[in-house]
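**Student:** The structure is given below, and queries will be raised subsequently.
Every read-out reported here was derived from the displayed coordinates using simple, explicitly stated rules and does not represent laboratory data. Bear in mind the structure is a predicted one, so any value in this text is a computation, not a measurement. Cβ sites come from the backbone with ideal geometry, for glycine too, and all protein chains shown count toward neighbours.
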Amino acid sequence: MKKGIVLALVSILIVLMISPTTTHALKCVEMPTGEQGYEEYDGIIVGHVEDVVRKKDNNMIKLKVSKSFKKISEEQILVKENITWGSLRGPSEIGEEYLYYLRESESGWENPLCSPTMKVAEAANELTFLQDKEIVINRISTPTQSPSDDNEVSELSSDEKTNHVSNATGSISKYFSSNSTEIVISVGVLGGILYALWCLWRARK
């Protein structure tokens, strides 16, 4: 009799311990449709997994956002993810691309337990529903030329201009210098000839 009571109590305890997990697992199996997921979750994106860092009972996922369908406009985000992710389609793997259904909390974005998140290759129906809900992503702009670079170009241009002016001035100076020498010589020769003729003219007198 006592053994029967003990066995009954143990059975009840086991059922109580297992029941919540079983109920939770059953809830995870009942995935929301595209419309239900859109209404239920705070952020919906297509994201490429760039890195996964394990932190206690959660993973921190670094995502590059390819498309966004609700609220999220950043190109790169960090997402906290339960390490089991409902043991249905997760956890996220580096290099894979997923359609994420995320919740927003005080600590940031989260891919919660039992989220209908799935690989893009398996999300054809969901993406069809979401296609007219896509929002603009603020892409990281390409590096632009800094003002210092512009100054260097301006300074270089000024130096080049100065060199051109200096070269031109030097050429002109050389030209006039050589021409002046020729003029002086020509004038001297002409003066000598005129002087010789004048001397001959005086001598005849």
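**Student:** If amide hydrogens are placed 1.01 Å from N in the peptide plane, which non-local residues have theirs closer than 5 Å to the one on LEU113?
**Tutor:** ASN82
**Student:** Still on this structure: Using θ = phi - 60° and the Karplus curve 6.51 cos²θ - 1.76 cosθ + 1.60, what whole-Hz ³J(HN,Hα) does each residue of region 66-77 get, with Gly and Pro shown as x?
**Tutor:** 8, 9, 10, 10, 7, 6, 7, 10, 7, 7, 10, 9
**Student:** Continuing with this model, one more query. Give me, ordered by chain and number, the residues 5 or more places off ILE72 or on other chains with an amide H under 5 Å from its own placed amide H.
**Tutor:** Here ILE44 satisfy the definition.
**Student:** How compact and how long is region 29-133, expressed as Rg and Dmax of its alpha-carbon atoms in Å?
**Tutor:** Rg then Dmax for region 29-133, in Å: 12.4, 38.
**Student:** Scan region 29-84 for GluC sites (Glu not before Pro) in coil per DSSP, keeping those whose Cβ has at most 12 other Cβ atoms within 10 Å, and list them by number.
**Tutor:** Within region 29-84, the qualifying GluC sites (Glu not before Pro) (loop, at most 12 other Cβ atoms within 10 Å) are GLU30.
**Student:** Just in region 28-108: which trypsin sites (Lys or Arg not before Pro) are loop by DSSP and have at most 10 other Cβ atoms within 10 Å?
**Tutor:** Hits after loop and neighbour filter: LYS56.
**Student:** Turning to a different aspect of this structure: List the residues whose amide H sits under 5 Å from the amide H of LYS119, counting only those 5 or more places along or on another chain, with H placed 1.01 Å from N in the peptide plane.
**Tutor:** It is LEU99, by chain and number.
**Student:** If I take every Cα pair under 8 Å that is 6 or more residues apart in region 29-133, average their sequence separation and divide by the length, what percent do I get for the relative contact order?
**Tutor:** Worked out over region 29-133, it gives 29 percent.
**Student:** Pairs LYS62/LYS119; LYS55/LYS119; LYS71/LYS133; LYS67/LYS119; LYS67/LYS133: which exceed 18 Å Cα-Cα?
**Tutor:** Cα-Cα > 18 Å for LYS55/LYS119; rest within.
**Student:** Here's a follow-up. Taking the beta-carbon count within 10 Å as an exposure proxy, list LEU200, LEU102 from fewest neighbours to most.
**Tutor:** So the ranking, lowest neighbour count to highest, is LEU200, LEU102.
**Student:** Just rank TYR41, TYR195, TYR98, fewest to most, by other beta-carbon atoms within 10 angstrom. Don't skip to the end; give the middle numbers.
**Tutor:** On the way: TYR41 21, TYR195 10, TYR98 24.
Neighbour counts put them in this order, fewest first: TYR195, TYR41, TYR98.
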